[in-house]
């Protein structure tokens, strides 16, 4: 599939690297916006090649950011998943051999990936419930059922999320109590426990906790009873 990188990404040739120069590290799902790059090694990124597969790109010098073939358009779907489009104007998916491929013209279930956050580390989960890694041939595949060092990546966006004041209500606590509880469960779920578990206890105590500013602690207590996340003993 010989093609040229779309002009929408050409303006990012030789951008500067890291926080100081416009490519910000993603620490949570809400940070994802703008254009997207997947850093798998220091100063090296996932790179699209013209056969529809992906390889590890060359090491960049300090002061350089990802090149056009290493920049993706990112679309959020639902509350936890994303869709990526390469500079070849194709959506990324997981093919029948477990390879990450950029050959799709439309978005379906195979085109959706989930960034999983845990203790400052990030791994990308594919539609086959396996995490992204690089195989011996140097291509990106979804073949790991559990996330380990080879699956951890740094995600970068070229738009920084606005910082919130200390007095502002946390994003997770906005909306209804039900929404807030779901948000916290999703935020703190572990790599190996990806199903959302919600407490069935009465929410009367949560209403009082919201009024007193202790909603986060009250929800942690509820999750602890269910052993629902990594902070639960």
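Observations on the model:
- In the stretch 46-57, of all residues being in a strand (DSSP E or B) and touching a helix residue (DSSP H, G or I) at 6+ places or on another chain (Cβ under 8 Å), the one that is surrounded by the fewest Cβ atoms within 10 Å (Cβ to Cβ) corresponds to 47.
- Some residue of the stretch 58-68 being assigned to a helix (DSSP H, G or I) and either out of contact with any strand residue (DSSP E or B) (no Cβ under 7 Å at 6 or more places or on another chain) or modelled with pLDDT of 95 or more (or both): yes
- Selection status of residue 124, over 17 Å from residue 93 (Cα atoms) and within 12 Å of the chain's Cα centre (by Cα): no
- Test set (1) part of a strand (DSSP E or B); (2) within 25 Å of residue 31 (Cα to Cα); (3) touching a residue at least 24 places away in the same chain (Cβ under 8 Å) - residue 143 fails condition number: (2)
- Counted residues, the stretch 21-32 - those being modelled with pLDDT of 90 or more, assigned to a loop (DSSP other than H, G, I, E, B) and surrounded by 15 or more Cβ atoms within 10 Å (Cβ to Cβ): 2
- One residue stands out among those in the stretch 124-155 that are in contact with a helix residue (DSSP H, G or I) (Cβ under 9 Å, 6 or more places away or on another chain) and within 13 Å of residue 41 (Cα to Cα): the one that is surrounded by the fewest Cβ atoms within 10 Å (Cβ to Cβ), which is 134.
- Leading residue by the ranking (nearest to residue 93 (Cα to Cα)) among those in the stretch 43-66 that are over 18 Å from the mean Cα position of the chain (by Cα) and without any contact (Cβ under 8 Å) to a residue 24 or more places away in the chain: 49
The values are calculated or read from the model by the stated rules, or taken from the named source; none is laboratory data. Quick caveat, the model's predicted, so the values are computed rather than measured. Neighbour counts run over all protein chains shown; Cβ positions are idealised from the backbone, glycine included.
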